[in-house]
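The values are calculated or read from the model by the stated rules, or taken from the named source; none is laboratory data. No experiment lies behind these values; they were computed from the predicted model shown. So basically every Cβ, Gly included, is an ideal-geometry build from the backbone, and we count neighbours across all protein chains shown.
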């Protein structure tokens with residue numbers, strides 16, 4: 001496994017989806033993360049090329065629609081992924097809303 005580099009909030013969401021099940025497909029991760037496919041699929045590609053996840057194409061012949069590509073964390077990546085997700089959650093709870101957001105919602109006018 002290689003270092004995956006900077007772990008963005010979107011990367012942490014992908015890792016969280018991968019931790020939640022034995023295997024998940026790309027569009028399922030897109031829906032769970034609430035991000036666009038153009039954000040999620042490059043992250044999956046980076047994780048796979050770094051050796052953090054294994055991907056395999058669905059072989060089910062009866063499925064209608066496009067084939068699914070299933071992803072799963074490799075065993076050695078699970079504890080590291082969990083640590084990254086916990087770190088990102090801690091950062092999220094420490095981050096206060098920016099003052100500009102309060103101005104847009106007009107909440108300052110109620111003070």
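Residues being closer than 20 Å to residue 16 by Cβ, exposed (fewer than 15 other Cβ atoms within 10 Å of the Cβ), under 16 Å from the mean Cα position of the chain (by Cα) and without any contact (Cβ under 8 Å) to a residue 24 or more places away in the chain are represented in region 53-60 by at least one member. Being at pLDDT 85 or above and more than 22 Å from residue 13 (Cα to Cα) holds for only one residue in 58, 54, and it is 58.
All of 88, 28 fail the test of being outside any strand (DSSP E or B) and in contact (Cβ under 8 Å) with a residue 12 or more places away in the chain, apart from 88.
If you go through region 52-73 and keep only what is touching a helix residue (DSSP H, G or I) at 6+ places or on another chain (Cβ under 8 Å) and in a loop (DSSP other than H, G, I, E, B), you end up with 52, 68. Restricting region 91-111 to residues that are part of a helix (DSSP H, G or I) and within 30 Å of residue 28 (Cα to Cα), the residue that is modelled with the highest pLDDT is 91. Of the set (1) within 12 Å of the chain's Cα centre (by Cα); (2) surrounded by 12 or more Cβ atoms within 10 Å (Cβ to Cβ), all apply to residue 36 but (2). Within region 31-40, being out of contact with any helix residue (DSSP H, G or I) (no Cβ under 6 Å at 6 or more places or on another chain) and in contact (Cβ under 8 Å) with a residue 12 or more places away in the chain holds for one residue alone: 34. Residue count for region 9-25 under the criterion of being over 21 Å from residue 66 (Cα atoms), outside any helix (DSSP H, G or I) and in contact with a helix residue (DSSP H, G or I) (Cβ under 8 Å, 6 or more places away or on another chain): the result is 0.
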